[in-house]
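Enquirer: Have a look at the structure that comes next, please.
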Amino acid sequence: GFDTTDDPADGAGPGLGVAGEQQLPPRFLPDVEHDELVRDVLTRGVDLQQHTRQIDQELRELEDAQLASYEEHEGALVELDAEIHGCGAVLENMEQLLTSFKTSLGSINQDIQTLQRDSAAMSQQLRNRAAAEKQLGRLVQGLVVSPETVRMICDGEVNEAYQECLLDVSKKIAYMRVHSRQHRRLRAFSEMQPELERLRLKASARVRDFLLDKTNALRALSTNAHVVQSSVFLKYRFLNHFLIERHPEAAVEVRDTYIHIMRQYYLDHFGAYQRGLARLERAVADRADVVGAEEPAKLGGLFGSGKAAGATGAAAARDRASVFSLGARA
């Protein structure tokens, strides 16, 4: 145990036991009984006051060393503090930048979503327009007549180019008639129908005049009908087809005129041919002629070929001698 009495007679300090061991008040024991350092000091019998003074000295030396080290590194520490504050400011700026960047990303995300919706809407509109253009393209192509075609039909010369324009107009008219009931509510049909009708009448009148002029040219006997038929009527046969389809009355008129003129043409030519045949001299056999008889070397009289006979008699005799003569076939 410990002697807790303070006996100055024995020359021992406070807290020292009889056996010279250091004694601590009992109130200190619960705090130090588990401290290894204190237990080691008590076990070795070290003077606690001396040990305390030594520890205080070491603490003061350590404190002085720390203060000297602090004073030595004061500039570096101040600089480090300034750098820390600078890093804090930089990090704060970075935080603000990142916050702003996050806000911008949110705005960009909304813009991207808006663009996606707009793109989808535009794609749908494009598909709708493509489908409408496909349908309207056929409609426009079937109805619209170019100004060049109109000028050619109304004022152009009737030639191969005119025939091509006429073919195009005929297609437009056919398209109008086929689809007029299906698209009768469309404004384009109601506007183009009278225009195509006027163009049809104008083209029919010009084609009629052209064909009648070429047909009337056959009235002259000197005209070669075969050349006119091959170079005009066959070459421009679509003109007659156009009249038959688009203006049957004019086609009938052209046909009747052609038939009448060609009838007169062939009648005149065969009449002239008949008259020419009638003017030809020919020998007529009578009962005095012998079939298969040899021609005598010298014949006199009617069948003679001598010089005494006249020119007319010689020709007649020459013709009559050859009526039934075998000649070289004998």
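The values are calculated or read from the model by the stated rules, or taken from the named source; none is laboratory data. What you see is a predicted model, and the numbers here were worked out from it, not measured in a lab. Quick reminder, even Gly has a Cβ in these numbers, built from the backbone with ideal geometry, and neighbours come from all protein chains shown. The area values use the complete protein model at the heavy-atom level, side chains included, leaving out ligands, DNA and RNA. Shrake-Rupley method; radii C 1.70, N 1.55, O 1.52, S 1.80 Å.
Enquirer: In region 132-141, is there at least one residue being surrounded by 13 or more Cβ atoms within 10 Å (Cβ to Cβ) and modelled with pLDDT under 90?
Expert: Among the residues of region 132-141, at least one is surrounded by 13 or more Cβ atoms within 10 Å (Cβ to Cβ) and modelled with pLDDT under 90, which makes the answer yes.
Enquirer: For residue 200, indicate whether it is more than 30 Å from the chain's Cα centre (by Cα) and either of a type outside the set (A, V, I, L, M) or surrounded by fewer than 17 Cβ atoms within 10 Å (Cβ to Cβ) (or both).
Expert: The answer is yes for residue 200.
Enquirer: May I ask you to list pairs of residues, at least six apart or on different chains, whose Cβ atoms are under 9 Å apart, with the first in region 239-267 being without any contact (Cβ under 8 Å) to a residue 40 or more places away in the chain and closer than 20 Å to residue 159 by Cα and the second being open to solvent by less than 70 Å² (accessible area, probe 1.4 Å) and small (Gly, Ala, Ser)?
Expert: Short answer, once both residue conditions are applied: 240/251; 241/170; 241/251; 243/204; 243/250; 243/251; 244/251; 251/204.
Enquirer: Are any residues in region 150-161 surrounded by 15 or more Cβ atoms within 10 Å (Cβ to Cβ), over 15 Å from residue 201 (Cα atoms) and without any contact (Cβ under 8 Å) to a residue 60 or more places away in the chain, and if so, which ones?
Expert: Correct list: 156 only.
Enquirer: Scan region 162-189 for residues that are open to solvent by 70 Å² or more (accessible area, probe 1.4 Å) and either part of a helix (DSSP H, G or I) or under 30 Å from residue 228 (Cβ atoms) (or both) and jot them down.
Expert: Within region 162-189, 164, 171, 177, 178, 187 meet the criteria.
Enquirer: Checking residue 95 against (1) more than 30 Å from residue 182 (Cβ to Cβ); (2) open to solvent by less than 90 Å² (accessible area, probe 1.4 Å): exactly one of these is not met. Which one?
Expert: Among (1) more than 30 Å from residue 182 (Cβ to Cβ); (2) open to solvent by less than 90 Å² (accessible area, probe 1.4 Å), residue 95 violates only (2).
Enquirer: Residue check, residue 100 against (1) open to solvent by less than 100 Å² (accessible area, probe 1.4 Å); (2) over 47 Å from the mean Cα position of the chain (by Cα), all met but one. Which one?
Expert: Of everything listed in (1) open to solvent by less than 100 Å² (accessible area, probe 1.4 Å); (2) over 47 Å from the mean Cα position of the chain (by Cα), residue 100 misses just condition (2).
Enquirer: Can you tell me which of 219, 255, 275 is of a type in the set (Lys, Arg), open to solvent by 50 Å² or more (accessible area, probe 1.4 Å), at negative phi and modelled with pLDDT of 90 or more?
Expert: Exactly one of 219, 255, 275 is of a type in the set (Lys, Arg), open to solvent by 50 Å² or more (accessible area, probe 1.4 Å), at negative phi and modelled with pLDDT of 90 or more, namely 255.
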